[in-house]
Amino acid sequence: MNNQYRNLNQQNAVHAKNKRPLPYGRTYHSDDVSRFAVTIGKPIEEVFNFWRNFQNLSFFMKDLKEVEVLSPTLTRWVMELKNGVKATWDAEVTAERKNEMISWKSLPGSEVETDGSVWFSPAPQGKGCVVSLVMNYSAPGGKVTEFITKLTGEDGDTLMQVNLRRLKAFLETGEIPTTEGQPNGREVIPELKH
Amino acid sequence: MKALCWEGKYSVEIRNVPDPTILNPQDAIVKVTSAAICGSDLHLYDGYIPTMEKGDILGHETMGEVVEVGVGVKKLKVGDRIVIPFDISCGKCHHCREEEYSGCDNSNPNAIMADKLYGQSGAALFGYSHMYGGYAGGQAEYIRVPYADTNSLVIPKGIEDDKVLFLSDILPTGYMAAENCNIKRGDTVAIWGAGPVSQMAVRCAFLKGAERVIVLDHYEARLRMAALAGAETINFDECDDITEELKFLTGGRGPDSCIDAVGMEAHGHTLPASLDRVKAAVGLATDRPNALRQAIQACKKGGTVSIPGVYGGFLDKVPFGAAFGKGLTFKMGQTHTQKYMQPLLDLILAGKIDPSFVITHKLNLEDAPKGYRMFSDEKNDCIKVVLKVH
Ligand SMILES: NC(=O)c1ccc[n+]([C@@H]2O[C@H](COP(=O)([O-])OP(=O)(O)OC[C@H]3O[C@@H](n4cnc5c(N)ncnc54)[C@H](O)[C@@H]3O)[C@@H](O)[C@H]2O)c1
Ligand SMILES: [Zn+2]
Ligand SMILES: [Zn+2]
């Protein structure tokens, strides 16, 4: 995210979180920089409850090591990348309506600055729950984003898309698809080598 | 265990690799008894599919015996003899519940790649590049099967592997290709290619009520195999103008539906075909849609073009004006294998179809690299290779 956008975001952060995911046929306000949506084939209550128990977020968010719940509205986030680089920040819930939306903002002076809202709305044709995420994030000095990009080849936005897919898979199937740990011909087994 | 690994363009090798283990609760581990080589594997062999990595284990037409199940597996039991569909589907998402299994939302851990390339990602596939999930395939002694209850069909005892193995891919694929033609009694169906997929499609088109099936290829032995089922055949090397020939054979109307069972590596000696090869080589176009072009050109007004042949990227000089001008319908995609496995097994058990006729070569797993070479370079005699593993 470049500086020009970051300033825009800060100006819009307040009204961004008051914006509902709009009724069908309308889109989000165009100044929300990072927007993602996924449809999950589960009841809204179940998806909302899963998300609202913030410690659950580390189940499906890549590289998010832990979310510690300090109080009903205060959480501490610990992100650890594969190379051991860590980032920690505190965030507070700034608005919440049960089974509808949650907004958050990192506390002033955090290593990672983030704010945003997640909305839960019914999907058409009984397809379950639409999760819409509108967020801004930045890390002074670019620490986190830089490392994410370097390590995973994924920018932050891509990572959030991946994370929402993982959330969907986890809630719908009870597991997150993986191939980590499967065999391949790249690791040669010395004693069997022929 | 031993496994057939992709090592680069035109190079596959048997390697010793670690045995697969349960990685997720709904996984099962299967001891492979038979595994086939598919025309789709040739697209990997020829280097046409992006996101392959050296050392990837290939194979997506697999069957065997369940030797271990994860705690989340409800129906499948150790000892069950199963056929494994080539697409990996979660069984729970919206698309799976609609029986659009190859459109599964959840099985592909690398979905983001296809999301960006295609707008959406389909199901993961066994042994078919990292964009399609990067799952290890079944041309190996053992295979890990995710969402094992959905991705298996239990086979009753007493029926040999060769009769049911192709429920994993080519029989459902040929069946779906015919179903997609929306065949009405008395219809004529033209099929490009006389490979294994086409052989199944020929039989399924007749099952679905086609009166005539016309098959095009340039390998006589393959055409003969299609003729055995009652198809008329055209060797395209001996035919100057395929559209005209098909028109003549169908009273000037054109075939009611056309099946492209060739895909992205169509051969051809026409000018566009040689241009395609050059363009593919320099990356300007990725696929060579010669068969597809002809299918569109030949199809009757209001007819259907059914495309089981695989395409991966960008197509050049597709006669879209002809498609529009004739009001054609297009149906295509990876097969929803899980949807067709049980009804087709019933047909096999009832003696209505026996897909084992297509097998020309049986090899040991160790000889799989030779199998690839033959299937790729000696297409006339080598029509379908089955690897016997355990
Ligand atoms: N949709 C699916 O789910 C699915 C499943 C399995 C296979 N496939 C695809 O189906 C296709 C066929 O598979 P196969 O196993 O039969 O492969 P194959 O390579 O054995 O057969 C292809 C045949 O097409 C012939 N051919 C080439 N150019 C032609 C042309 N211009 N006109 C007519 N015939 C031509 C070849 O001579 C060959 O006999 C492949 O693209 C494969 O990837 C798709
Ligand atoms: Zn196949
Ligand atoms: Zn699914």
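The table below lists the values:
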{"quantity": "Some residue of segment B:336-356 being within 28 Å of B:Met1 (Cα to Cα), among the β-branched types (Val, Ile, Thr) and in contact with a helix residue (DSSP H, G or I) (Cβ under 6 Å, 6 or more places away or on another chain)", "calculated": "yes"}
{"quantity": "Every pair of residues 6+ apart whose Cβ atoms lie under 9 Å, when the first sits in segment B:23-43 and is under 18 Å from B:Gly174 (Cα atoms) and assigned by TED's automatic domain parsing to the domain that holds B:Gly127 while the second is within 16 Å of ligand 3 (Cβ to nearest atom) and not polar (S, T, N, Q)", "calculated": "B:Cys38/B:Phe86; B:Ser40/B:Phe86; B:Ser40/B:Leu125"}
{"quantity": "Some residue of segment B:44-51 being within 14 Å of chain A (Cβ to nearest Cβ) and aromatic (Phe, Trp, Tyr)", "calculated": "no"}
{"quantity": "Scope segment B:123-175; condition within 13 Å of chain A (Cβ to nearest Cβ), within 16 Å of ligand 3 (Cβ to nearest atom) and part of a loop (DSSP other than H, G, I, E, B); matching residues", "calculated": "B:Ala123, B:Tyr132, B:Gly133, B:Pro146, B:Tyr147, B:Ala148, B:Asp149, B:Thr150, B:Asn151"}
{"quantity": "Residue count, segment B:96-113 (criterion: within 17 Å of A:Ala169 (Cβ to Cβ), away from ligand 1 (no atom under 15 Å from the Cβ) and surrounded by fewer than 24 Cβ atoms within 10 Å (Cβ to Cβ))", "calculated": "5"}
{"quantity": "Of all residues making up segment B:360-369, the number that are surrounded by 14 or more Cβ atoms within 10 Å (Cβ to Cβ) and either in contact with a helix residue (DSSP H, G or I) (Cβ under 6 Å, 6 or more places away or on another chain) or not hydrophobic (A, V, I, L, M, F, W, C) (or both)", "calculated": "6"}
{"quantity": "Spans of helices (runs of 4 or more DSSP H) in segment B:309-390 with at least 2 residues out of contact with any Phe, Trp or Tyr (no Cβ under 9 Å at 6 or more places or on another chain) and either within 14 Å of chain A (Cβ to nearest Cβ) or within 16 Å of ligand 2 (Cβ to nearest atom) (or both)", "calculated": "B:368-377"}
{"quantity": "Options B:Ile88, B:Ile159: the member that is at pLDDT 95 or above, within 30 Å of B:Arg15 (Cα to Cα) and either touching a Gly at 6+ places or on another chain (Cβ under 6 Å) or of a type outside the set (Gly, Ala, Ser) (or both)", "calculated": "B:Ile88"}
{"quantity": "Any hit, segment B:148-159, residues being assigned by TED's automatic domain parsing to the domain that holds B:Gly39, within 13 Å of ligand 2 (Cβ to nearest atom) and in contact with an Asp or Glu (Cβ under 9 Å, 6 or more places away or on another chain)", "calculated": "no"}
{"quantity": "Qualifying residue in segment B:2-22 (condition: in contact with a strand residue (DSSP E or B) (Cβ under 6 Å, 6 or more places away or on another chain), among the hydrophobic types (A, V, I, L, M, F, W, C), more than 15 Å from ligand 2 (Cβ to nearest atom) and away from chain A (no Cβ under 14 Å))", "calculated": "no"}
{"quantity": "Selected residue [in contact with a Cys (Cβ under 8 Å, 6 or more places away or on another chain) and within 16 Å of ligand 2 (Cβ to nearest atom)] from B:Asp87, B:Asp105", "calculated": "B:Asp87"}
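The values are calculated or read from the model by the stated rules, or taken from the named source; none is laboratory data. The structure displayed is predicted, hence computed values, not measured ones. Positions of Cβ are backbone-derived with ideal geometry, glycine not excepted, and every protein chain shown enters the neighbour counts.
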